[in-house]
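No lab work stands behind these numbers, since they all come straight from the coordinates. Since the structure is predicted, the reported quantities are computational estimates derived from the model, not experimental observations. Here the Cβ positions follow ideal geometry from the backbone for every residue, glycine too, while neighbour counts run over all protein chains shown.
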Amino acid sequence: MHREFIDKLEANPVIAAIKDDEGLEHAIASDCEIIFILYGDVCSIPRIVQKIKDADKVAMVHLDLIAGLNNTKDISVDFIKNNTVADGIITTKGNLIGRAKELGLYSVLRYFVIDSMALVNIEKQDRHGISQPDVIEILPGIVLPKIIKRVKSVSRVPVLAGGLISDRDDVMNALNNGVLAVSTTNEKVWQL
């Protein structure tokens, strides 16, 4: 686990998630220190990451959403390491976490908690201890407190919440129930 990444998340519990160049500019101008990049392609991602790093912020690339990198191959992680100055990756593909760790990148493993099978998958990933990410992120972020507590009880790594976070109440609900930080594309929430 990258302790410095966890410390940064603890100090900055609202993460700006961006889905276009306009959001990129707003996130750079915001107080958010960590930015999740949810758009781009193999040609534009180095530029997007560089703008974030020039603003002295943490740049996390969601591989699954980057055209040309959205596969299950380690080469996608290698591309990020060798062709950008990104701090880490986000993915729903557990097999990419190990490669990110080998290369010294921060890692976020995303889970869509839509049914009991998702909870079982979180537990399996943690129990086997294979390629543990630095943090897991559960979506949607407005899940019930008992679901957050269940995820935390089976995870050995800190938990983030993302998706559908739209106001202060959503942020506080997640944080008060043990989530380390929240990610959101809602720019109003970035200002909290």
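Observations, loosely collected:
- Cβ-placed point charges (K, R +1; D, E -1), dipole of the chain about Cα centre in debye, nearest 20: 720
- Each of Val120, Gly104, Pro140 was scored by the projection of its Cα onto the charge dipole of segment 40-142, and the greatest displacement toward the positive side belongs to Gly104; charges sit on the C-beta of Lys, Arg, Asp and Glu.
- Cβ-derived FRET efficiency at R0 35 Å, Ala11 paired with Asn71, nearest 0.05: 0.55
- Building the convex hull from the alpha-carbon atoms of segment 102-192 and averaging its projection over directions returns 6.0 nm².
- Fully extending the segment from Asp56 to Ser166 would add 37.0 nm, taking 0.36 nm per residue of separation and subtracting the current Cα-Cα distance.
- Scaled against 2.2 N^0.38 Å for its residue count N, the alpha carbon radius of gyration of segment 1-154 is 1.01.
- Placing a pseudo-label 7 Å from each Cα along the Cα-to-Cβ vector at Leu144 and Lys188 gives an inter-label distance of 2.7 nm.
- Fully extended contour minus Cα-Cα distance, from Ser153 to Asn83, at 0.36 nm per residue: 21.5 nm
- Toward the positive end of the charge dipole of the chain, with +1 on the Cβ of Lys and Arg and -1 on the Cβ of Asp and Glu, the farthest Cα among Ser30, Ala16, Val77 is that of Val77.
- Hits among lysines - C-alpha to C-alpha of Lys149 under 24 Å, sequence gap 8 or more where chains match: Lys8, Lys93, Lys124
- Relative contact order [Cα under 8 Å, 6+ residues apart], the chain, whole percent: 21
- Rounded to the nearest 20, the size of the Cβ-charge dipole of segment 71-140 about its Cα centre is 160 debye, with Lys and Arg at +1 and Asp and Glu at -1.
- Over the chain, DSSP H runs of length four or greater, each weighted -39,500 (n - 2.57), average out per residue to a 222 nm ellipticity of -12000 deg cm²/dmol.
- Using θ = phi - 60° in the Karplus curve 6.51 cos²θ - 1.76 cosθ + 1.60, the 3J(HN,Hα) couplings for segment 61-66 round to 9, 7, 3, 5, 9, 9 Hz; x is entered for Gly and Pro.
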